[in-house]
Amino acid sequence: MEKLVRVEGVAAPLYRPNIDTDLIVPSREITSPGREGYAEKLFAPWRYLGPDRRENPDFVLNRAPFRAAPILIAGENFGCGSSREMAVWALRQFGIRAIVAPSFGEIFRANCLRNGILPAALPAATVAGLAERAQSGSLVLAVDLERREVREAGGPAHPFAVGEREREMMLEGLDDIALTLRRKGDIEAFQARDREARPWIWAGAPD
Amino acid sequence: MAPRTIVEKIWDLHEIADLGGGQSLLHVDRILLHERMGPALLAGLAQAGRGPANPALVYGVVDHAVETLPGRLERSRGAGANAFVASMRERTAAAGIRLFDLDDPRQGIVHVVSPEQGIALPGCTLVCPDSHTGTVGGIGALAWGIGSTEGEHAVATQTLVRARPRRMRVDFDGRLAPGVGAKDMALALIGRFGAAGGDACAIEFAGEAVRALAVEGRLTLCNMAVEFGAWTGIVAPDDATIDWIAGRPFAPEGAMLDRAAAHWLGLASDDDARWDARRALDCSALAPQVTWGTSPQHAIAIDGAVPDPARATGAAREALERALAYMDLSPGAPILGTRVDAAFIGSCTNSRLPDLRAAAAILRGRKVAPGVKAIAVPGSAQVKRDAEAEGLDRVFREAGFEWRESGCSLCFFAGIDSFGGARRVITSTNRNFEGRQGPGVRSHLASPATVAASAVAGCIADPRALAAG
């Protein structure tokens, strides 16, 4: 898991509800089984115009200072839809390290935590205010995992909730598979009991 | 013991360790992989020097990036092979994971195949790097979609770490009228409570209308739980579930099935179980549903009208205006009669045998309207064979539908299958997002019967009118 403690920088507003992972990376942009090369594919339907993929000058992430913003402010249910992790790879490879929204698609949120992006859920009214103030390009936020708060530069701090285990994994950059494998004894004991209790789960396959 | 919901019972049966802070280390009984996320997942594991903890509990399919036109088998081999399918073959072979390849009689859409083959079972935990994995909640499995990195954890350890989900119960009361089905129930629910209405809960779908659904309908309902913003959906297994599972290739049989069935029936939520949230929907007056916009929550009754953004304010109004502009519809217009260029029947939502029968009942003796590109894609090779044994393929073909090989196909546009130049599509799939079915394509979600009726009419049409005529 990629380590992340605190992200500070300009916040880019993309304040629309239900932005789905098909918009973040459309299926047609997924052309090879690898994990690389997704920065250019991020928000392709909005970011580019025409078949020659000219940049759309009106799209927020094509404009200064948002082009280099490490923080995105989004609407309710951000990242809903497909589980495609490419959506998160694209955001990370583009340079986004934190997303502030009222709520997230559940699988997307889990994918963010495993790819060095911090999803911070704040109350809808708070996000609406931040999105409004971010329009000018002068809103600088510090999204702080250690303190579990989103702080406006020279302004108030807004607390967010994050699971204690997830927080620790991300703060320390821990390998979750290695941590679980330390419990191999527990897992094998469970499986031995389960083979007795639910043998149909363990029956060999017909082939 | 304190009263529990079905999800709590399954959870307790799979909890290897309580990790504190509400988190559990859960056993995962089944892992399904497909060729779009499977290769990256297996490559990640291999790069870390890891492999599957128990390859016999992992199953691979090819469905997402496969074409569905006849002759695909030949085209998928050799130098022209699609990179995803080729990589899936290599990676699963290297990891010792069985793969239902294109030439396998068990090939099909992962969420259609796993219950059909008896791989998914009631009370089992099942994960897959696909958001519609909750589909198999329809047989009483606790199943949910994950990303590929979390999938690496599942494959390497046969476990996942998860917080106990919040509990929601949705009661569908009353009886459905003829011509109205599970898809209409799901769309009505999302239309009423919103695309985030499921609030990341584990939702049990209950009530008279759910009990009356065939198992395939329950799969459809649970399939759409993710479009409701749920973590997953589940329907308690009953005698109909057990009858449906008996005889499937990987399912237990004989005395073992009897023992399993007794266990499965005991999973039902206790009468006094506690819920964090409850919702209810009366189905007795439910009409067929169709979406007008770009989110599944833009669902309305088929005899309803497109909403007027002027009646909303702020961000909600902007979202409605944007959806109307994308869909090229006028505020207040009736949705019936909206012209369509294409019709699609397929996807993990609505591609099982009863879905094809419902569409065929409308299509029999009728023709698709001139200029409408109509495509039917059975959910699995098995569904296709079963449909052909009943002569459904002839009904579809004679009506003017293309009859294809199984796969995810045009549920999303991956640059493989295409609607050609069609702009407006009536579709039995699950997502009407902007560009989901192709750049600029406008998608109207509906049941297979509504898709068939609309294909015949050349515009969005009420299947009840045709069924009666």
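The values are calculated or read from the model by the stated rules, or taken from the named source; none is laboratory data. Quantities reported herein were computed from a predicted structural model and do not represent experimental measurements. Cβ coordinates were reconstructed from backbone atoms using ideal geometry, including for glycine residues, and neighbour counts include every protein chain displayed.
Figures for the structure shown
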{"item": "Members of the stretch A:32-73 found to be among the aliphatic types (A, V, I, L, M) and loosely packed, with under 13 Cβ neighbours inside 10 Å, listed by number", "result": "A:64, A:68"}
{"item": "Candidate set: the stretch B:320-335, residues that are away from chain A (no Cβ under 14 Å) and buried (at least 18 other Cβ atoms within 10 Å of the Cβ); chosen: the one nearest to residue B:358 (Cα to Cα)", "result": "B:335"}
{"item": "Residue B:161 in a strand (DSSP E or B), modelled with pLDDT of 95 or more, of a type in the set (A, V, I, L, M) and surrounded by fewer than 24 Cβ atoms within 10 Å (Cβ to Cβ)", "result": "yes"}
{"item": "Verdict on residue A:124 being out of contact with any helix residue (DSSP H, G or I) (no Cβ under 7 Å at 6 or more places or on another chain), of a type in the set (A, V, I, L, M, F, W, C), free of Cβ contacts under 8 Å to residues at least 60 places away in the same chain and at the interface with chain B (Cβ under 10 Å from one of its Cβ atoms)", "result": "yes"}
{"item": "Residues that are over 21 Å from the mean Cα position of the chain (by Cα) and part of a loop (DSSP other than H, G, I, E, B), drawn from the stretch A:25-49", "result": "A:31, A:32"}
{"item": "Positions within the stretch B:134-158 being at the interface with chain A (Cβ under 9 Å from one of its Cβ atoms), in a helix (DSSP H, G or I) and more than 16 Å from residue A:111 (Cα to Cα), in sequence order", "result": "B:156, B:157"}
{"item": "Sole exception among (1) at the interface with another protein chain (Cβ under 10 Å from one of its Cβ atoms); (2) surrounded by fewer than 24 Cβ atoms within 10 Å (Cβ to Cβ); (3) acidic (Asp, Glu) for residue B:18, by number", "result": "(1)"}
{"item": "Residue within the stretch A:50-68 that is within 14 Å of chain B (Cβ to nearest Cβ), more than 23 Å from residue B:413 (Cβ to Cβ) and either touching a residue at least 24 places away in the same chain (Cβ under 8 Å) or in a loop (DSSP other than H, G, I, E, B) (or both) present", "result": "yes"}
{"item": "Helices (runs of 4 or more DSSP H) lying entirely in the stretch B:1-115 (those with 2 or more residues that are within 24 Å of the chain's Cα centre (by Cα))", "result": "B:6-14, B:38-47, B:83-95"}
{"item": "Residues (touching a Ser or Thr at 6+ places or on another chain (Cβ under 6 Å) and of a type in the set (A, V, I, L, M)) located in the stretch B:1-15", "result": "B:6"}
{"item": "Residue check for residue B:22: at positive phi and either β-branched (Val, Ile, Thr) or assigned by TED's automatic domain parsing to the domain that holds residue B:95 (or both)", "result": "yes"}
{"item": "Check on residue A:16, among the charged types (D, E, K, R), over 17 Å from residue A:111 (Cβ atoms) and outside any strand (DSSP E or B)", "result": "yes"}
{"item": "Which listed residue is in contact (Cβ under 8 Å) with a residue 40 or more places away in the chain and either under 20 Å from the mean Cα position of the chain (by Cα) or surrounded by 20 or more Cβ atoms within 10 Å (Cβ to Cβ) (or both), from B:372, B:395, B:441", "result": "B:372"}
{"item": "Residues of the stretch A:88-108 classified as of a type in the set (Val, Ile, Thr) and either more than 14 Å from chain B (Cβ to nearest Cβ) or surrounded by fewer than 24 Cβ atoms within 10 Å (Cβ to Cβ) (or both), total", "result": "3"}
{"item": "Only listed residue being touching a Phe, Trp or Tyr at 6+ places or on another chain (Cβ under 6 Å) and of a type in the set (D, E, K, R), chosen from A:195, A:167", "result": "A:195"}
{"item": "Helices (runs of 4 or more DSSP H) within the stretch B:201-319 that include 3 or more residues within 12 Å of chain A (Cβ to nearest Cβ) and either over 18 Å from the mean Cα position of the chain (by Cα) or crowded, with 20+ Cβ neighbours inside 10 Å (or both)", "result": "B:254-265"}
{"item": "Qualifying positions in the stretch A:135-191 - within 14 Å of another protein chain (Cβ to nearest Cβ) and among the hydrophobic types (A, V, I, L, M, F, W, C)", "result": "A:161, A:162, A:169, A:170, A:174, A:177, A:178, A:179, A:181, A:187, A:189, A:190"}
{"item": "Selected residue [assigned by TED's automatic domain parsing to the domain that holds residue B:458 and assigned to a helix (DSSP H, G or I)] from B:368, B:383", "result": "B:383"}
{"item": "Total residues in the stretch B:21-72, condition of a type in the set (D, E, K, R) and within 10 Å of chain A (Cβ to nearest Cβ)", "result": "5"}
{"item": "Verdict on residue B:119 being crowded, with 24+ Cβ neighbours inside 10 Å and not in a loop (DSSP other than H, G, I, E, B)", "result": "no"}
{"item": "Qualifying residue in the stretch B:82-93 (condition: touching a strand residue (DSSP E or B) at 6+ places or on another chain (Cβ under 8 Å) and farther than 30 Å from residue B:140 by Cβ)", "result": "yes"}
